[in-house]
Amino acid sequence: MKVDRQETRREQTIKHTHKVQAIIPTMASEKAQELMDQIRREVAMQNFQELLSKINTKCFAKCVTKPGTKLDSSEQTCLQRCSDRYQEAWNVVSNTYLRRAQKENAL
């Protein structure tokens, strides 16, 4: 179910972006740039929320084997390390993707 909902959000974002791109040529360039900047911010926020959701789900499943009323110190440490590793990996992948995209755009 989560995948379907995420795909639906992505599809909606893509459809919205295509509609906006069709309207942009008729807008003043300053307004068009503001609109594209707003869309970029919204997509970035959506990606960030998706990342946090994945981190929470995966790290909780890995670190908390017997949920209780409180996290013990080993669970807290595990969650922090898992979260840090996941974010580091995300950053490496994102930066690599951006560099490749920039190289392709430069060609």
Among all residue pairs at least 6 apart or on different chains, which show Cβ distances below 7 Å where the first residue, located in region 88-107, is more than 20 Å from Phe48 (Cβ to Cβ) and the second is surrounded by 10 or more Cβ atoms within 10 Å (Cβ to Cβ) and modelled with pLDDT under 85?
none
If you take the residues of region 75-107 that are among the small types (Gly, Ala, Ser) and under 15 Å from the mean Cα position of the chain (by Cα), which of them is modelled with the lowest pLDDT?
Ser94
Test set (1) assigned to a loop (DSSP other than H, G, I, E, B); (2) of a type in the set (Ser, Thr, Tyr); (3) within 21 Å of the chain's Cα centre (by Cα) - Thr57 fails condition number:
(1)
Filter region 64-83 down to residues that are touching a helix residue (DSSP H, G or I) at 6+ places or on another chain (Cβ under 8 Å) and assigned to a loop (DSSP other than H, G, I, E, B), then give me how many there are.
2
Taking the stated definitions as given, is Ser53 of a type in the set (Gly, Ala, Ser), surrounded by 12 or more Cβ atoms within 10 Å (Cβ to Cβ) and at pLDDT 90 or above?
yes
Cys63 versus (1) out of contact with any Asp or Glu (no Cβ under 8 Å at 6 or more places or on another chain); (2) at pLDDT 95 or above: which is the lone unmet condition?
(1)
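The values are calculated or read from the model by the stated rules, or taken from the named source; none is laboratory data. Here the structure is a predicted model, which means the values were calculated and not measured. Every residue, glycine as well, gets a Cβ built from its backbone with ideal geometry; the counts of neighbours run over all protein chains shown.
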